[in-house]
Structures are given as C-alpha cells and as structure tokens.
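Take a look at the structure set out below.
The values are calculated or read from the model by the stated rules, or taken from the named source; none is laboratory data. Computed from a predicted structure; not experimentally measured. Glycine gets a Cβ as well: all are built from the backbone with ideal geometry, and neighbour counts include every protein chain shown. These area figures cover heavy atoms from the full protein model, side chains too; ligands, DNA and RNA do not enter into them. Shrake-Rupley method; radii C 1.70, N 1.55, O 1.52, S 1.80 Å.
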Amino acid sequence: MMKRMIQFVTAVFICLISLNLYGEDLKLSDETEDCLGCHSELHPGLVSSWQASRHSRVSPAQGLTKPDLERRVSSPDTPDELQRVVVGCYECHSLRTEEHSDAFEHNGYRINVIVSSADCATCHSVEAEQYGRNIMAHAYGNLVDNTLYQDFTKVVNNHYTYEKGQLTIGEGDMLTEYESCLYCHGTKVEVKGLVTRDTDYGELEFPDLEGWPNQGVGRINPDGSLGACSSCHTRHSFSIEIARKPSTCSECHKGPDVPAYKVYEVSKHGNIYQAKMSDFNFTEVPWRVGTDFTAPTCAACHASLLVSPEGEVIAERTHQYNDRLSWRLFGVPYAHPHPIDANLEKVVNSQGLPLAVELNGEPVAEFVLSKEQQLENNNRMKAVCLTCHSTQWVENHFKRLDNTIHTTNRMTYQATKILSDIWAGGFEKGLPQGENIFDEQTERMWTTIWLFYANSSRFASAMAGGGDYAVFANGRYQTTEQLRKLLDQLKLYRALEEKEEVEK
Amino acid sequence: MMKRMIQFVTAVFICLISLNLYGEDLKLSDETEDCLGCHSELHPGLVSSWQASRHSRVSPAQGLTKPDLERRVSSPDTPDELQRVVVGCYECHSLRTEEHSDAFEHNGYRINVIVSSADCATCHSVEAEQYGRNIMAHAYGNLVDNTLYQDFTKVVNNHYTYEKGQLTIGEGDMLTEYESCLYCHGTKVEVKGLVTRDTDYGELEFPDLEGWPNQGVGRINPDGSLGACSSCHTRHSFSIEIARKPSTCSECHKGPDVPAYKVYEVSKHGNIYQAKMSDFNFTEVPWRVGTDFTAPTCAACHASLLVSPEGEVIAERTHQYNDRLSWRLFGVPYAHPHPIDANLEKVVNSQGLPLAVELNGEPVAEFVLSKEQQLENNNRMKAVCLTCHSTQWVENHFKRLDNTIHTTNRMTYQATKILSDIWAGGFEKGLPQGENIFDEQTERMWTTIWLFYANSSRFASAMAGGGDYAVFANGRYQTTEQLRKLLDQLKLYRALEEKEEVEK
Amino acid sequence: MMKRMIQFVTAVFICLISLNLYGEDLKLSDETEDCLGCHSELHPGLVSSWQASRHSRVSPAQGLTKPDLERRVSSPDTPDELQRVVVGCYECHSLRTEEHSDAFEHNGYRINVIVSSADCATCHSVEAEQYGRNIMAHAYGNLVDNTLYQDFTKVVNNHYTYEKGQLTIGEGDMLTEYESCLYCHGTKVEVKGLVTRDTDYGELEFPDLEGWPNQGVGRINPDGSLGACSSCHTRHSFSIEIARKPSTCSECHKGPDVPAYKVYEVSKHGNIYQAKMSDFNFTEVPWRVGTDFTAPTCAACHASLLVSPEGEVIAERTHQYNDRLSWRLFGVPYAHPHPIDANLEKVVNSQGLPLAVELNGEPVAEFVLSKEQQLENNNRMKAVCLTCHSTQWVENHFKRLDNTIHTTNRMTYQATKILSDIWAGGFEKGLPQGENIFDEQTERMWTTIWLFYANSSRFASAMAGGGDYAVFANGRYQTTEQLRKLLDQLKLYRALEEKEEVEK
C-alpha cells in the first residue's frame, strides 16, 4: 500500500513538473511581453510553437542547475540579464545587434530579424563550436566557391535558349539558386537596405533581405556566422524531439543524390521506428538506449548523447557529425575518407581540380583522414551499434560497407574511362578542351552513375537498408545498365563519325 | 482547491460530451436499425467506421444549434424527417431516389447504392455548391472530352500490337481506364440493369453498375451530380480528421506528374507535421492556428476555415480550392493563371487546340484569371502564411514561385521549339500531319519535360519544399538533361536522314 | 467522490495488469538470469526490446491456457523445461543445439547464435509448417539455383572492367550479394570456424559466421532450416504489432520491382491507416475487423486470423501467404497463376528455361494453380474484402485485376517480339547464341518493362491503389514509352547495319 501511495505521489509530482508550476522563477522579460502584445495576434502559429517549447518554460539559470549529462545549456555562463527570465522573443532577437547587419529599430527596441548560430552560442556554445567544424556549416562556400560545382549548377539551373539548331546556356538567377541547391546548402543572407511597410500598427521600417527566407545548414547569416540551427531545431519550438526524428533529416537527405532517409525507411531500424515511435521518448536528455528508444534514428547514430539505462555514456553528444564518420560516402565523384577540414576551399588534386580524389578514385592523402583517424571515428560509431548488436554483427556490417565503397568506386572509374575515350574521340566537347564537363549527354550519363547510383548503393550499405536501394532503386541495376548505355553511345558516335565529318 | 474542483468538473463534462450522453435526442431511425440488423454482421468494418463517426452520434437538429463558426451543417434547414435522428444508413442512402438511376427496392425500402454529392448537399449545401465550382468536380469531363487528352490516353493506356516491324495502337478498354486516369478523375457510374444475387438472406436484386467502384473527385454519379465527397471524407467515417491529414491528398497528388505530397514530406511544414501530429487536434471546428496545429497540412492552406486562438477568422472554409490559388501550376503544357471556369469544355487557343495557353506559353486571356483576380486569390492564401511568417518572408516566397513559373515555362518552350524542328524535318509524324502528338519517342521526351519535370520544380517552389524536387528528383537536373537529349535526338535523325531515305 | 475513487482504483489495476504482476508463475529461468547479468549492460537496446515483449511476460504454460482463437502458442505441447518460465534468452538460444552448426560453449552453456525457424517451431509449430509451404521460405534456392537468375545477378552485381573499347563482366563477390538480392531473399549462414575475441569478460570464443547478419525471408539457417521469423517479427520484441504494420513489409516490398507498399500508401486503405492507426489495436488476437481496425494492413489481407466483432472467423491465420493469392503478380517475365509448389527447382518450360511460363506468356500448366484452385484461394481473400465491401464492389475489383494481368502480359509479349527481332537481326548477342539475355542495352529495356513497369501496374490494380502507379509512376506511361524506344532501337540498328558491317 505504501508503495502504491508513493507511485501516486510521484505521478502527481510529474504532472506538476510537466505543467511547470514551480513558482517565481518563471517570468517573461518585459521586452518579450511587449513583443507578445502584438505578435500573439499577428503570428499565432509561431507564438504557439514557442509557447509549447522548453524555451518558454525554463530560464538559463534553471538550465544551468541541471546535472552535467542532463544540461542543455553548454555555455559555462550566460549573460546576467538572461539568467532569470524564460527564453523569449527579445532574449534571442536582441543578441549581438552590433554584429548584425539586419539589426533595426522596432517599436523602441533594437533587434535582429535573424537569430544566427552565433546568437544561439550564447547559451549553447559547445554545440555551436562543434557545428563550426561540421562540413554542413561550410555547405555554402564548399558549393559556391568550387569551380566544378559552378560548372555543374550552371548546366542544371541556368536559362537555356534553343535557336538555329543550337542550345546555349545563358545566365543564372539567384531566385532559382535559393530554392534549388541553396535551399539545403544555405543562402547568403544580406541586407539590401530598409523598406517601409504599412502594417496594422502604422508605417514601420524593416531590413530588406536578400536570400531570405532560408534554413539551409550552411547559411551565411547577416552577422557573418555560418549555419542555421533552425535547419533541424525547427522554429519556433527549437525542439530536440523534432531534431531527433528522422523526417527532419529527410528534408535534405532523401533525394536521389543522397537517399539516406529512403534507405532508413526500408531498413530494420526504420521499420521498428515506424511501428514503435509512439512508445519512444524523444525529449529525454541524456538519451537512454533501450529505455527511451529501441531503434535508432539519424540523431541517435550521428549526434545524440547516448547513455545506457544505468546512465553510462555510450556516445558523447556531437554537432560535428563526422566525429562518428570515417568515410565521405557522397561521391564527388568517388567516395573517399572523410575530409580533415570542414572547409574545403584548399582541396585540390594533382590535375588541379578542386576534388579530394584523383580521377581514378585515389584519395588525395593530405586532405582526407588517415586510416588511423578513420578507425577512431568508426569506433565511436561502433560503440552505438554494439548496444544492440554483437561484435561479429558489427564487424561484418562494416566489411560489407568497405566492399561497397570499393566496388562502387570501381564502377565509377570504368565509367570515367569510357567518358575519357568519348572525349579523346572528340565526340563531345568536355574537359580536355577546357570546357564544362557536365553539359553533354554522355557527361550527364556519367554524372548520374556516381551522383545517384553509386551513392544509393553506398547509403543502402552503410545503413543496412539493403534490398532495393542496393539494387533496383537507383542501385546496381541502374549502374550497370548506364555503363552499358554509355559504351553504346561511344559506339554510336564512332559509327556516325565519318558521316558527321562529311556534314561538317 | 476551488480551482481544482472546477478543473475536475470541466474534465467530467468534456468526457460526457465526448461520450455524447445528452439524452433523448440521440436515436437511430427505425429504418437504420433495420439496415444495421443485417449489415452489422455482413460489413462489420464499414459499420464500425460509421459508429466511430460524428454522423452516428449527432442529429442534424443538434448540428444546427451550433454557433456559426462551429457549424458543420451548412444547409439553412434540413428535411423534417432527418432532424431528430442520427445520420445513419437510411438517412443517406434513401435521399432523392427519384433522381437516382441506381435506386432499387431492398428489403422493403427504396434506396440508392451510391450517395452522391447532391445527396450530401441535403445538409452540406454550401460545401457542395462550392465544390461544384472546383475544377476537381469537373475532372471527368475536363479529361474525357478534351481531344488532346484523348490522344494522350490512347497512347498510354491502349493495347499495342507489334507485327512486321511496326507497332500499332489498338482499342482501349474501360477496365484499364477505371484504374488509371479515372481512378483519380472519377468514372461515370451507370446502371446497366439489375442483377440477382444469392445472399445469406436469400435471392436479392441489385443494380448492376458500370464504373463502380470509384471515389474519384469528378465522378459522375447515377443521379447526374458531379464528385465523390468520399474522395477525401473517406467512407464510412466521413471524417474531417482524415480529410485534414495530408496522406489523404497523397492518393492523387503524389505521382511524378503532381508530386505535391512528396514535396510536402520534405518541406519544413511536412517535417513538423510528421514530428508533432500526435499533439495536433484534427477535429476541432473552426480550426485554430497555433492552438490546434503549428504546421499546416494541405487542408489548412487550401480548404479549412481557420481562426486565430482568439477566434478571429483568418480564412473562410472553401471547397472551391482555387479560391486561394492564383496559378494552375500543373502545366498543360505550360503553367498559367488559374482557369476562370472550372468546366474547361469551351477552352481553346488560337490554333484550335483545347488549351488555355498558346504553344509558346502565352495564356489565352479570356479563359484565365486576370492579374487582379490572381492577386485577390493570392491574398487569401497569404493570410494563412502570415499567421506564422513575416510579410517579407511571404513576399519573397511568392517572388520565387513567380520566377519558377516563368523559368520552367521557358524551358518547356525551348523543348517545344526543338520538337517543332523535329516535326519540320519530318523525322516523326506529329502535329503538323494532324496525327497524335504523343506517340513518338521525342514526343514523349517533350511530354515528360512539362508533365513531370517542370511540374516537380513548380510544386517544390510553391510549397517551399526546395532541395530535391527542385533539382535532383525529377527537377531541373532532369529538365536540362532531357532538353540536351532531345536536341541530340534531332541531330541523330539528321545524321541518319540520307541513309533512311536511301532505304526507303 | 466515490466515482473518483473507482476511477483511481481502476487506473491502478490497469497499471498492475500492464506491469504483469500476477504472481508466482512469472519467473525467469536461472540460465536467462545469467545471460541478463552481462547482456543487460552489453546490449541494453536488445534487452529492452525483449523486456517490452510478450515473451518476457508469459510462459508457454500460460500461453496454452488461452482459448483456441486467442492462442499464440500453436504447438500442441511444449517441452517441460520451458513450461513454467518466461521465454527468455536461454529458452530460445539453447534449443536443438545438436542440429546447429553455430552452437558453441559460452560461459558454461551450450547455445546457438542464431535462433532458426525450426527453433521457433518448438512453440509455434503450425506457423513454421505453413511458412515452409510459403514461397518466401524458398527465396534463397529459388533465386540462387535458377540459371536465368544467375545470368541476371551476374550482369547486375558483378565487377565490370572497361578496356580497349570493351566492357567485360568479371567475378561476383558474396559481400555484394549479401546486401543486394540476398538481403531480402536470405543468405546461407555457415560456420567457418571459431574465432577468439577479447571482451570485457576476458577472451571468449565465438563461431565465425559467413552470411551473417541477415534477416531475409528465405535464410538458410545453420541448422539447415529455412527462413528467418525475425524478418517480420523483428528482434527482440518478436512483436505481432510490428508484423501487422505495413512499414515492416516495406523493407522488401517497396522497390520498383515490387512497389506494393508504395501502392498501399496511395490507396484508400493506406490513407485510412495513416490517419487512424493510433486508434487501431495491433496486438489483439484474434484480430477483430471493425473493432480493432477499420482499414486493412498487409497482414490483415494476407496473413492474420480475422474475426468479426462477434468473434466469428472470417479468415484463418496463415503463414503460407499464397493461401489467399490466386496469381503470382510478380512477373518472371509474365504474371501467371501462383506456383503449386513453393520450391521452384523443378519448374521448366518447353524451351528448357526455368520459368513457369512460355516466352509468349502461356503458363506451364503442370507447375501452376488450376482455375479451380485459383478460385478457392481467391475466395479466401474475398471473404476479407466482403467485411467492408459489397459483392459487386469486390467482383468488379477482381475483374479489373484480371484485365490488368492480361493487358500487362500482352505488353510484355510485344516487347519480347521486338527483342526477338533484334536478336534475329544479330544486333545484340543474346539468347539465340546461348549467352546472357540480360547484358545488352535492349535486353535491359525489355527487362525493365516486365520487372518494373508491368509489376507496378499489376500491384496498383491488385491493391486498388490506382492512379499513379497504374500510369505515371513506373506504370503504363513508361511501359508504352519503353516499347516505342525498343522499336526505335531496332530501327537504329538496322540503319547503322551496313556501316557497322563495313567497319568490321
């Protein structure tokens, strides 16, 4: 009876905690109350998300009282003025305004439109610092400053004109870039000036932003910082629950170039997640394997602080995801050991191309992890696997992945050799002539092999999602078919060669 | 203590409401009790769906007592005999039998097999009337009566025969039509006669229906009315919850021609929905932004009556979805301002083709919304966006969409010009010869550009689902590749031309 | 107050039930306690799954006390030593060690790494026996021993080398096979020897397994038995809930060759499932139509014991899924009546090919169900349909399926005739020369027609998921386009013929 009574009291206590009735600490700042005065009515959806968030219920001071493993506030200390109020509108939007080119006067306050990763670092400095070393933080520059990518996006996104039997590629436009490659990679958000708008509250001035809206992972913020935390910790709940659920990652990791989420969906992990997620606890920190979940999501393997049911640390939290990755599976054009530096601007191969591999697939040693570093990263990942699987299971799994990286790279190399013969024959005007290597039909056939098919096979292997994505869904079936078609195209060019020359 | 007591009483009251124990009003009609006598046993799945529905718990009279915004019964008054009983089998299946060619005698009652949109209008007249102006209600005729569609479906769905080196296209069959285009567009349900069946209750006669089963949006019902409400308000729960969930729309809006649901899945809206839907309230009327949901579903943007948490109307309920749409994104073959009239039978361009655009992409002004009307519709949509997003966010979003409509249409136009040169060269027998413009290889390549690729880019843009569907998943990557292939095909024909002529 | 007390007591009682505190019966065996001593810490994810499972809470003796329809233990009696303890680690991993080549000494116990279908049969003999007659149990041999499959996988999975203008196909490797075809079909798990590993508990010996990990449906276990029950009853919860949810089937039934899950997702059944699954009961045995669910999942139609709300049996449980299937929709290369024998090793057609059909689509009568047997199987399926749908609905549905089987087979036949002309012209070196019929470009075009496109149309038809998968998503649109391209390829070969001969 005593035990039952204790259970009951505990239950009531948990209710009270969840209702957050602990008293005087919990107050809004006057500034945030001012914001809410108008915005509750103007933006009820946004405000409701925030109201349901932890930010609306906890002050940084409370956050700092948590035991180490449970703490979500990683900065050793936070500014005094933030300590005793919940994290409201003003607390985030008023930070570091002197650094923000998007700062502006708004109803007597100086605030920023965009809360940047550097602003979030006020309370979450460790995560921000880790993320700075994450290749995702550099997704804008790694794309936009790479000359091969420039050739590629030109061919894919620019205007085409057909006239007199010829297709010419014209200018690109930023509006298209913003919703294609830069949607995920991030835009550069810049202030073009101020704009005056007629609002329910009279005429008001706002910064006029280029590249906005955007929540890409490598967004260049108006304070110069990199990355949008809201890519995963979706506005305005900034919820760990959303970030831990795989649908969030699917926003940028589902397409044919990087079908990680599709593979997850047909993996055992994904199946169990689909069937049992309503029994999982997605908010607990640290995240307890077995107690909180029995099948990993993307975050569990790549990011989260995981502990055993007894609270022993299995994997440290990291926002530098390659901490647990030994390979860069996404082939450009070959999969290779993960780059050492997240900023790829210095990467160059022996031919002068901005790639961490040679055109025969050999990695350029100075830019990629050594075998020892790969082992170290892989061991961090294996620690996660081993909470459910035997050593043999895990070792054999990674043997298959190594084999798949080898065999898919080898296939890409065969395609590259065929393409070289096509170039050598002068049938298409590509690299040897110093021109764009993505604009001809056979060049696209080659691109599709490594960008879609080899990647699919590799993600299927890495995530034990075998079956379709390894073979029939943009996998080996398509790779080998495309290789044959590429060769047939070479043969066709040869067969037509004389005739074409005559016509010229 | 007082407060806690009030909470408790409120909770009990809510329970009672949800259990619907208000007394004498709630009774089944004698006729429906008769129906259930057999059908509870015969069709337990169907009957259980109905039992879990609001229809089984509420009478029209009760429905009419609700305040305006909460009312689901929109007809000013409903027939007396329906007022005091819940909405059961007989109440729906016995309506307007004199109009129904599928009416028949069944155990002493005259009933219809199919409950039509005109029957539903008995209680839901406003929705039925709005839906009649929805292009979806006309999906059958707009397809079947359009000569270009006829050419298209002939090429796609009919029998082919290969003999002596030639492929000939033979007859079509309705069974194939019913499960392909007409699955979504709706069939014409007609009574072929009566058929006698041996049942557990002896020999019984039933109408023998052609085109049944079907729940397509533009179904022609046996009473001549258009549309199946059960397309979205799925039988036999007819639930607003199901209609508001995006998986319902996915039934017809997921394929490569119209990948709206796929785009939603990888959009921020879709991500939040996936992660938080179990916290949303899908049954409340009106639907409160923020309180009931924090990320929109298809219905939220296109159909539902939305109010602020304080009950102020943000968007009126509409079953004419183009009320909030300014463009017809789905290109035939170009995206253009939304048609004025939902019934497209009079639409014709300057070449006599049944299209609201010229072949260069110019809309035919008389059949489509003016700029002013587009603005009006767009403002209704923006009112929804603005409940969570700033004016600048929303304006920039729609600027991108305008740009995408322009650039994708432009790409379709380049493809059309290449195809024209192919036709002009006599390489394929298409439009100039007055033949089917969908039957040759290059004609299909052209079709795929606007039907799959341009549409994908546009839906990605419209729903801020960027990334993959804008580029790699049937997006710009495929558009530009296909354009190049189309041109190469023209060059191949030219190269082979002399030889072919010699052979002939 | 009284009522509140009753509610409280009820709540506590439910808690106690769910915690399963019914007394002395429920104990772990000493051996399992020993296992858990280490493995709770080593494999918390795995152990938690088991702890949440029915196995951890019920002994076989308890299971046997259930009324017939509720019983999950189908073996008439189970070994004495298992009767009074819950089904823990040792109870499953120690079974039939003398048959297991993977048995080994582990901390004083002789156990097996892999629990085989024959081990599960200890308690679930009826299901194991049925599954042995399921074509899925024979998925390994039916694939690996079929010479046409061997040709196919060689072309798809093996190493390619490009040299001097030629592509040659080299060796295959088992690591690739394990994660491609055999991922779903199952591997042959064999013991290569013993391996010593340094563990937290000192040096230990383990069997070194080839073909592991794998949960394919036709896995050859180290005791010689066929099949992995864990394919669907996922480790270590072995849950009926997971097996009944369609995401589980999606692991192997979602790819372009067999898009059953994709079709389900866009079907009315799938829509209702998506919207209402949280209201369904997935654990009840027997499974009550209407009461437990109002839209079927894969299991409901193909496997589960279904009863009416009143408990009348609608469909017997079966683990031989073709019990309710009259056709093998998956065309190799034509859809045909379901094979009689699940083991296909004797199947051969009049040309000596290991197929149950001739190359013109005619089934080989001796290996496939007769019309009468098809009718019998179909009637078992229809009994399920009829719990929600009228006789006419169901009859018309299956008429459409019959038509689709006929028309898609007919399309495959036209493609086969074109390919024959290509072979006859000597343009590609295929079957007539006794070589691989999958290695040339046009052979792949032909393969894709029946393997992807015809299958998609058929699954769309069978599962009433019409619309996209019937037409635009690898359906009739692609079938007819491919047929035209195949013919154009033949014409191109002819046009180039003279030139090619000259070059040789």
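By DSSP, the beta bridges lying fully in chain A are antiparallel in about 85 percent of cases. Expressed as an acute angle from 0 to 90° and rounded to the nearest 10, what is the orientation of the C-alpha long axis of helix B:147-157 relative to the principal long axis of chain B? Helix B:147-157 sits at roughly 90 degrees to that axis.
In terms of overall dimensions, segment A:453-495 has a Cα radius of gyration and Dmax of 13.1, 44 angstrom.
Placing unit charges on each Cβ (+1 for Lys and Arg, -1 for Asp and Glu) gives segment B:320-503 a dipole about its Cα centre, and among B:360, B:396, B:475 the Cα reaching farthest toward its positive end belongs to B:396. Accessible surface of residue B:223, taken over heavy atoms with a 1.4 Å probe and every protein chain present, rounds to 20 Å².
Other residues with beta-carbon under 9 Å from the beta-carbon of residue A:349 carry, at +1 per Lys or Arg and -1 per Asp or Glu, a net charge of -2. Residues in segment B:347-504 average 37 Å² of solvent-accessible surface per residue, probe 1.4 Å, ligands and nucleic acids excluded. Residues of segment A:322-349 falling in the label zone of residue A:375, defined by backbone nitrogen less than 14 Å from a point 7 Å along Cα to beta-carbon, are absent.
With each run of n ≥ 4 DSSP H residues scored as -39500 (n - 2.57), what mean residue ellipticity at 222 nm is computed for chain C after dividing by its residue count and rounding to the nearest 500 deg cm²/dmol?
Value at 222 nm, helices only, nearest 500: -12500 deg cm²/dmol.
With a cut-off of 11 Å between beta carbons, the residues surrounding residue B:288 carry a summed charge of -4, where Lys and Arg count +1 and Asp and Glu -1.
Given an 8 Å cut-off on Cα distances and at least 6 residues of separation, report the relative contact order of segment C:155-299 as a percent.
14 percent
To the nearest ten degrees, helix C:30-42 and the longest principal axis of the Cα atoms of chain C are 60 degrees apart. Amide H to amide H, with H built 1.01 Å from N, residue C:307 comes under 5 Å of C:287, C:288, C:289, C:314, counting only residues 5 or more places away or on other chains. In segment C:33-72, the residues whose accessible area drops by at least 20 square angstrom when the other protein chains are added to the isolated chain are C:41, C:43, C:44, C:45, C:46, C:48, C:49; the probe is 1.4 Å and only protein heavy atoms count. If you average the sequence gap of Cα pairs under 8 Å that are 6 or more apart and divide by the length of segment C:119-231, what percent do you get for the contact order? Result for segment C:119-231 is 24 percent. Taking a straight line from the alpha carbon of residue A:154, these aspartates and glutamates sit under 15 Å away, with near neighbours fewer than eight places off in the same chain left out: A:145, A:171, A:173, A:177, A:179, A:435, A:439, A:440, A:443, B:481.
Taking all Cα-Cα distances within chain A, those exceeding 32 Å account for 50%. For residue A:61, place a label point 7 Å from Cα along the Cα-to-Cβ direction in every copy; what are the distances to the other copies, in nm, shortest first? Result, one decimal in nm: 6.1, 6.1.
The distance from the alpha carbon centre of segment B:265-317 to that of segment C:115-146 is 48 Å, rounded to a whole number. Of the residues B:26, A:329, the one with the largest accessible area comes first in the ranking B:26, A:329, computed with a 1.4 Å probe on protein heavy atoms. Take the accessible area of chain B alone and of chain A alone, subtract that of the pair, and you get about 5700 Å² summed over both chains, using a 1.4 Å probe. The Cα trace of the protein assembly as shown gives Rg and Dmax of 32.5, 102 Å, the first to one decimal, the second as a whole number. Less than 5 angstrom separates the built amide H of residue A:209 from those of A:192, all sequence-distant by 5 or more or on a different chain. Note on the protein assembly as shown: with neighbouring protein chains present and a 1.4 Å probe, carbon and sulfur make up 54 percent of its accessible heavy-atom surface.
Shielding value for C:253-260 is 5, the average number of Cβ atoms from other chains within 10 Å of each residue's Cβ.
Residue by residue along A:393-406, Cβ atoms of other protein chains within 10 Å of the local Cβ number 3 on average.
Largest first, the residues C:463, C:445 sort by 1.4 Å accessible area into C:463, C:445.
Where chain B is rotated onto chain C, the residue of B whose Cβ comes nearest the axis, and that gap in whole Å, is B:278, 3.
Before anything else, pin down the relative contact order of chain A: Cα pairs under 8 Å, at least 6 apart, normalised by residue count, whole percent. Mind dumping the intermediate values first?
Numbers: 759 pairs, mean separation 57.9, N = 504.
Computed value for chain A: 11 percent relative contact order.
Label point of residue C:107 (7 Å along Cα→beta-carbon): distances to the other copies' equivalent points are 6.3, 6.3 nm, sorted ascending.
Per-residue surface analysis assigns residue C:177 an accessible area of about 30 Å², computed on protein heavy atoms at 1.4 Å probe radius.
Residue A:388 sits with roughly 30 Å² accessible to a 1.4 Å probe, with DNA, RNA and ligands left out of the calculation.
Determine, from the Cβ-Cβ distance of residue C:41 and residue C:83 and an R0 of 35 Å, the FRET efficiency 1/(1 + (r/R0)^6), rounded to the nearest 0.05. The pair residue C:41/residue C:83 has a calculated efficiency of 0.75. Between identical copies, the spacing of residue B:224 label points, each set 7 Å from Cα toward the C-beta atom, reads 7.5, 7.5 nm from nearest to farthest. Here segment A:119-231 carries DSSP beta bridges of which approximately 95% are antiparallel, counting only pairs with both residues inside.
Each Lys and Arg Cβ is given +1 and each Asp and Glu Cβ -1; about its Cα centre, the protein assembly as shown then shows a dipole of about 840 debye. Our compactness index for segment C:320-503, the C-alpha radius of gyration over the empirical 2.2 N^0.38 Å, is 1.17. Per residue of peptide C:441-454, the mean number of Cβ atoms on other chains within 10 Å of the residue Cβ is 2.
Within the same chain, aspartates and glutamates fewer than 8 places from residue B:491 are excluded, and of the rest, those with a Cα less than 12 Å from its Cα are A:500, A:503, B:421.
Within a straight-line Cα-Cα reach of under 17 Å, residue C:245 can be paired with the following lysines, leaving aside sequence neighbours fewer than 8 residues apart in one chain: A:268, A:276, C:254, C:262, C:268, C:276. With all pairs of different C-alpha atoms in the average, the Kirkwood value for the hydrodynamic radius of segment C:210-361 is 17.6 Å.
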